[in-house]
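Take a look at the structure below.
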Amino acid sequence: KLLLSMGKEAANAKDMDKAIELLAQAQKLAGEYGQPEVAQDAKDLVPQIYIADGNALLNEKKFAEAAAEYQKALDLNGENGMAWLRLGMCKANTGDTEGAVAAFTKAGEFGQKDAADKQLGNMYLKAAVASYKAKNNAATLENVLKAAEYGNTKANIYGGMAAFQLKKYDECISLLEG
């Protein structure tokens with residue numbers, strides 16, 4: 001129990017590497033001394049520490065490093081919807097659209113559907129605006145329609161203007177009215 005307590009203290013002090021090391025020791029010794037509840041507590045805390053570390057890195061916009069921490073948490077518990085959501089955010093911010101979609105889809109499967117859909121809608125909105133600025137009407141329209149699939153209609157004006165340029169007048173009217 002002492003190592004478990006020390007691991008918690010290290011995590012609270014933001015010394016994540018030390019916390020992980022202490023919790024691994026606590027888990028091992030608790031198993032050897034017949035304390036399965038202590039071993040389970042230590043095991044359950046490790047993914048939470050990886051997520052907390054990932055959150056700190058995400059806030060610092062260190063997306064690749066944060067993604068690595070979320071992946072460590074997912075390697076231990078692949079059903080953590082929040083870790084999948086945050087991993088998707090990291091991937092979206094590094095331009096890995098395919099990886100972001102996959103992570104957000106998993107997040108939706110594990111209890112984070114609304115948040116994942118919002119992130120997907122925002123990701124496609126940003127892509128639509130970038131495509132519009134690059135005068136790529138086909139990509140603009142495609143991204144606007146994808147954003148709308150996830151409930152984000154903020155880019156409809158861009159889609160309407162792109163549809164007009166592509167001579168897709170029915171789609172233009174629908175988007176501008178919608």
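Below, the figures for the structure above:
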quantity: Normalised contact order of the range 92-178, rounded percent, pairs of Cα under 8 Å and 6 or more residues apart; calculated: 21
quantity: The chain: relative contact order in percent, alpha carbon pairs under 8 Å with at least 6 residues between; calculated: 11
quantity: Protein accessible area in the chain, 1.4 Å probe - carbon and sulfur %; calculated: 51
quantity: Reachable lysines from Lys167, criterion Cα separation under 17 angstrom, eight or more residues apart if same chain; calculated: Lys135
quantity: Two-site label geometry, Ala64 and Ile173: point separation in nm, points 7 Å out along Cα→Cβ; calculated: 5.0
quantity: Asn77 versus Asp15: modelled label distance in nm, points set 7 Å from Cα along the beta carbon direction; calculated: 2.4
quantity: Most mobile of Lys61, Lys72, Lys168 in a GNM of the chain (Cα contacts under 10 Å); calculated: Lys168
quantity: Residues of type aspartates and glutamates that Lys126 reaches as a straight line, Cα spacing below 16 Å, ignoring anything fewer than 8 places off in the same chain; calculated: Asp96, Glu98, Asp117, Glu142, Glu149
quantity: Gyration tensor over alpha-carbon atoms, the range 38-79, equivalent ellipsoid semi-axes in Å; calculated: 21, 10, 5
quantity: Links that overshoot a 21 Å alpha carbon limit, given the list Lys106/Lys154; Lys91/Lys113; Lys8/Lys106; Lys14/Lys61; Lys91/Lys168; calculated: Lys106/Lys154; Lys8/Lys106; Lys91/Lys168
quantity: Given charges at Cβ of Lys, Arg, Asp, Glu: the range 1-87 dipole, positive-most of Leu22, Gly7, Leu58; calculated: Leu58
quantity: In Å, descending, principal axis extents of the Cα set of the chain; calculated: 74, 26, 20
quantity: Proximal aspartates and glutamates relative to Lys1, as straight alpha-carbon distance under 16 Å, when same-chain residues fewer than 8 apart are discounted; calculated: Glu9, Glu21, Glu32, Glu37, Asp41, Asp44
quantity: Label zone at Ala56 (point 7 Å along Cα-to-Cβ), backbone N below 14 Å, the range 1-36; calculated: 8-21
quantity: Among Ala134, Ala73, Ala92, residue whose mean-square fluctuation peaks in a GNM of the chain (springs only between Cα atoms under 10 Å); calculated: Ala134
quantity: Cβ charges +1 (Lys, Arg) and -1 (Asp, Glu), total dipole of the range 7-58, debye; calculated: 40
quantity: P(r) weight above 19 Å for the range 5-87, C-alpha pairs, percent; calculated: 38
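The values are calculated or read from the model by the stated rules, or taken from the named source; none is laboratory data. Small disclaimer: the values here were computed from a predicted structure and weren't measured. Reconstructed Cβ throughout: ideal geometry from the backbone, glycine too, with neighbour counts over all protein chains shown. All accessible areas refer to the heavy atoms of the entire protein, side chains included, with ligands and DNA or RNA removed. Shrake-Rupley method; radii C 1.70, N 1.55, O 1.52, S 1.80 Å.
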